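Worksheet: the structure to be examined is printed underneath.
The values are calculated or read from the model by the stated rules, or taken from the named source; none is laboratory data. Values in this document were obtained by computation on a predicted structure and should not be read as measured data. Cβ: placed from backbone, ideal geometry, glycine included. Neighbour counts: every protein chain shown. Just the protein is used for accessible areas: all its heavy atoms, side chains included, with ligands, DNA and RNA removed. Shrake-Rupley method; radii C 1.70, N 1.55, O 1.52, S 1.80 Å.
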Amino acid sequence: MTKNIKWLRLLFVILVFLLLIAAVMRTPQFRRLSYPYAYREIIEEYAAEYRVDPLLVAAVIREESKFNADAVSRKGALGLMQLMPSTAQWIAPQVGIINLTDEMLLDPEINIQLGTWYLANLFKEFDGRHELVIASYNAGRGKVASWLRDDVWTGRYEDREQIPFGETRIFLQRVIGSYRNYQELYR
């Protein structure tokens, strides 16, 4: 009987330990480790200037680069917000940056400024609809516009399975999920 009691005590200690771990993992402090808010001042500065929710910017950065300022994608997108150099070249003069180089896109402040401006521009084009903005950020505004025009996608999050690009479907789902977590943790 004493051997069974020892096993029951050990099992009880393990169960209590696991419950404590589960409780700690649900605290906002612990969850913020998975949803960092690095470059917060820069994000909030440009989000205010371009009237974009800074928590959406943080969610996009988390999903695009995991806050790695030196990130380079297989397709050549650069920096925190994974901007394509051609897109950045189009944006730069509109925000007063002249002679933009690809290397400059690895500078967090420049990258966040350009990426946040781009999000704001997409919000104007797509009447403030988050799903369309996020999908456009990934697939391109022309693709999303054609999907809407050709009734390929309704533009609603619930209908994201209609999106023909798997990468864009996953990106939309991940950014929306991260955005909700950022709102919960940082509002």
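General observations
- Candidates L83, L100 - the one that is free of Cβ contacts under 8 Å to residues at least 40 places away in the same chain, over 18 Å from G140 (Cα atoms), of a type in the set (A, V, I, L, M, F, W, C) and buried (at least 16 other Cβ atoms within 10 Å of the Cβ): L100
- In the range 27-50, residue most open to solvent (accessible area, probe 1.4 Å) [restricted to those that are farther than 17 Å from N111 by Cα and charged (D, E, K, R)]: R32
- Meets criteria (at pLDDT 95 or above, surrounded by fewer than 18 Cβ atoms within 10 Å (Cβ to Cβ), closer than 18 Å to I61 by Cβ and not polar (S, T, N, Q)) for E161: no
This table checks each residue for (1) assigned to a helix (DSSP H, G or I); (2) out of contact with any His (no Cβ under 8 Å at 6 or more places or on another chain); (3) under 17 Å from A59 (Cβ atoms); (4) modelled with pLDDT under 95.
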residue	(1), (2), (3), (4)
L80	no, yes, yes, no
T87	yes, yes, no, no
Q94	yes, yes, no, no
N99	no, yes, no, no
L105	yes, yes, no, no
E109	yes, yes, no, no
G115	yes, yes, yes, no
L119	yes, yes, yes, no
K124	yes, yes, no, no
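- Of all residue pairs spaced 6 or more apart or on separate chains, those with beta-carbon atoms under 9 Å, a first member in the range 1-26 that is open to solvent by 80 Å² or more (accessible area, probe 1.4 Å) and a second member that is at pLDDT 65 or above are M25/R31.
- Any hit, the range 164-178, residues being open to solvent by 20 Å² or more (accessible area, probe 1.4 Å), closer than 20 Å to E45 by Cα and of a type in the set (A, V, I, L, M, F, W, C): no
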